[in-house]
1. Could you work out how far apart the two model spin labels at TYR42 and ASN59 are, taking each label as a point 7 Å from the Cα in the direction of the beta carbon, and quote it in nm?
2. Stretched out fully, how many nm does the piece from LEU10 to SER71 gain, at 0.36 nm a residue minus the Cα gap?
3. Could you state the angle between the C-alpha long axis of helix 44-53 and the longest principal axis of the C-alpha atoms of the chain, as a value from 0 to 90 degrees rounded to the nearest 10?
4. Could you work out how far helix 58-78 tilts from the main Cα principal axis of the chain, as a 0 to 90 degree angle to the nearest 10?
5. Helix-only estimate, please: 222 nm mean residue ellipticity of the chain, summing -39500 (n - 2.57) across DSSP H runs of length 4 or more and dividing by its residues, to the nearest 500.
6. Can you bin every Cα-Cα distance in the chain into 5 Å intervals starting at zero and give me the percent of pairs per bin, rounded to whole numbers?
7. Considering the chain as a Gaussian network with a 10 Å cut-off on Cα pairs, which listed residue, VAL38, VAL79, VAL95, attains the greatest mean-square fluctuation?
8. Choose one of ILE93, ASN59, ILE81: the residue whose Cα lies farthest towards the positive end of the charge dipole of the stretch 1-103 (beta-carbon charges +1 Lys, Arg; -1 Asp, Glu; about the Cα centre).
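Just so it is clear, none of the values below were taken in a lab; they were calculated from the coordinates. The model shown is predicted, which means the values in this text are computed figures rather than measured ones. Cβ: placed from backbone, ideal geometry, glycine included. Neighbour counts: every protein chain shown.
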Amino acid sequence: MALGIVGIFLPVLPTTPFLLLSAFCYLKSSKRVYDWLVNHKYFGEPIRNYMEHKAIKRNTKIGALIFLWVSLAVSAYFVDIWYVRIILAAVGIGVSIHILSMKTLNSKE
């Protein structure tokens, strides 16, 4: 779960997969902690959206893509090693494809 929280602030580290993994592990080990996680004020909604609809909200997609590419661009600007820039671009493309391939959840759902 700590990796999911850190992933909120680091663009290369995914948040939702780690929170989903945490939810799965807590489901198997502690019903109380699982209930706390899926009903959490900040973490619960994305977890429930993914578990119930296999989708994420449109504004979450847009925000994630903007934050991802701004962070990667700033990182690439400060790194003067060409292959690191290529790796950053490859990670950005891969994460963007993953985000865009997920279904978009309407705001009313």
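1. 1.7
2. Between LEU10 and SER71, full extension yields an extra 21.1 nm.
3. Result, in degrees: 80.
4. Helix 58-78 sits at roughly 40 degrees to that axis.
5. Helix contribution divided over all residues of the chain: -23000 deg cm²/dmol.
6. Final binned percentages: 2, 12, 19, 22, 17, 13, 8, 5, 2, 0.
7. Answer for the Gaussian network model of the chain: VAL79.
8. Farthest towards the positive end: ASN59.
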